[in-house]
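J.: Please find one structure pasted underneath; my questions will follow.
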2 protein chains.
Amino acid sequence: MPRVEVTKKVRQARIAQLIARSQVFSQQGLAEGLVRFGIQVTQATLSRDLTELGVIKGPHGYEVFSRTEPEPRANGDLKRVVREFVRSMDSADHLIVVQTDPGNAHTVAAHIDRAQWPEIVGTIAGDDTIFIALKRPRVANKILARLREVLRPGNGH
Amino acid sequence: MPRVEVTKKVRQARIAQLIARSQVFSQQGLAEGLVRFGIQVTQATLSRDLTELGVIKGPHGYEVFSRTEPEPRANGDLKRVVREFVRSMDSADHLIVVQTDPGNAHTVAAHIDRAQWPEIVGTIAGDDTIFIALKRPRVANKILARLREVLRPGNGH
DNA sequence: AATGCCTTTGTATACTTATACATTCTTTTT
DNA sequence: AAAAAGAATGTATAAGTATACAAAGGCATT
């Protein structure tokens, strides 16, 4: 049974609370903040706690790293990255414009490049936008349809 | 002016490329990866680069945290950056494709954007390529000519 | 050219974080 | 109950990162 002292679980909850409300930049500082909750631990323990909580250190101090995995890297296939990152698509003549989640345009573009579809002349990716240059305008709908296939719900998983 | 050495900008572009494609867990390891690009720097410089790039260290290595582009110190005009970074240009229908020195596409594109030429709908820049979307294909040559003016030798300084 | 300011980078080192090992306490197995 | 196995945590230190300082070069002004 749990002891009278503060459990690991409670401590980690306090840590999450603390870093959510204030900017903490070191485990030493975190330890000091925890003292106000009557919790006293060493830096080593905090290092372990932060790892378990999935906390990372950003420009503004520690933050919970739960958001959509910024970079699933490795090599999923085209379908996977399209389904995961693409928000919308449209075409304009020789060009298809793809909107993705911020920061992931290059990931998607790289996969499209790799597919080497003959109708595509080239792609270029910014932060959240991809331009796909086509050889001829009339293939736009064909390519769009091919890409959209994987976006439809109930389309495998 | 072209420099013999690798510029900071190019180096940071390589860093971004490297951490996007593989999992890097230390600045030491990053330095080793950069050697394959012929770039040799110390850990201290990489620490600074990562800060400037807004890179953080997550469970899967370094990742880009935020695209807080400090925006190229509003310096130099369009002519200067075109002369300095552009390698070649061509058009494809309503699209102009500009090739630049590695890592400098954003700089050039930003200046083109700033010029606000009415014939240009928008631009998007990758690592060394820019797509310029035009309202209508027939203005391509006009824009190309205007850009190429500054590339001609003996064109002021 | 000389001066001064700014940028970039390396060196050395301080600061921060992770981890091997040991200890203590709890739980499970025999 | 004793022994074995695990969990949690501290200690000491290794591993990793940031930064003060100085050197070097670019650029503008004089």
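J.: 5 Å is the cut-off here: which amide hydrogens, built 1.01 Å from N in the peptide plane, fall below it relative to B:Val55, excluding neighbours closer than 5 in sequence?
T.: B:Phe65
J.: Suppose every K and R has +1 on its Cβ and every D and E has -1 on its Cβ; what is the size of the dipole of region B:8-64 about the Cα centre, in Debye to the nearest 20?
T.: So the magnitude is around 180 debye.
J.: Between A:Glu149 and A:Glu32, what is the FRET efficiency for a Förster distance of 35 Å, r being their Cβ-Cβ separation, to the nearest 0.05?
T.: After rounding, the FRET efficiency stands at 0.05.
J.: Also: What dipole magnitude, in Debye to the nearest 20, does region A:78-149 give about its Cα centre under +1 on Lys/Arg Cβ and -1 on Asp/Glu Cβ? Spell out each step's value before the answer.
T.: Details: 11 positive and 9 negative charges, 81 e Å.
Rounded to the nearest 20 debye, it is 380 debye.
J.: Under the convention of a label 7 Å out along Cα→Cβ, give the distances in nm from A:Glu149 to the same position in every other copy, shortest first.
T.: Shortest to longest, the spacings are 4.9 nm.
J.: Sort A:51-57, A:78-84 by packing, meaning the average of other beta carbons within 10 Å per residue, with the highest value first.
T.: A:78-84, A:51-57
J.: What is the average number of partner chain Cβ atoms found within 10 Å of a Cβ in A:130-138?
T.: Across the residues of A:130-138, the mean count of other-chain Cβ atoms within 10 Å is 3.
J.: Taking every residue in B:33-43, how many Cβ atoms of other protein chains lie within 10 Å of its Cβ, on average?
T.: Values: counts 0, 0, 0, 0, 0, 0, 0, 0, 0, 0, 0.
Other-chain Cβ atoms within 10 Å of each residue's Cβ, averaged: 0.
J.: OK, next. Inside 10 Å of the C-beta atoms of B:108-114, what's the mean count of C-beta atoms belonging to other chains?
T.: Per residue, the average neighbour count from other chains is 0.
J.: Turning to a different aspect of this structure: Could you go through region A:47-59 in sequence order and give the Karplus-derived ³J(HN,Hα) for each residue, using 6.51 cos²θ - 1.76 cosθ + 1.60 with θ = phi - 60°, rounded to whole Hz, and x for Gly and Pro?
T.: Values per residue, Gly and Pro as x: 4, 5, 4, 5, 4, 5, 7, x, 8, 10, 9, x, x Hz.
J.: How many Å² of accessible surface get buried when A and B come together, counting both sides, probe radius 1.4 Å, rounded to the nearest 100?
T.: 1900 Å²
J.: Out of residues 5 or more away from A:Thr129 or on other chains, whose amide H comes under 5 Å of its own, with H placed 1.01 Å from N in the peptide plane?
T.: Sorted by chain and number, the residues that satisfy this are A:Thr100, A:Ala105.
The values are calculated or read from the model by the stated rules, or taken from the named source; none is laboratory data. What you see is a predicted model, and the numbers here were worked out from it, not measured in a lab. Cβ sites come from the backbone with ideal geometry, for glycine too, and all protein chains shown count toward neighbours. The accessibility values were calculated without ligands, DNA or RNA, using every heavy atom of the protein model including side chains. Shrake-Rupley method; radii C 1.70, N 1.55, O 1.52, S 1.80 Å.
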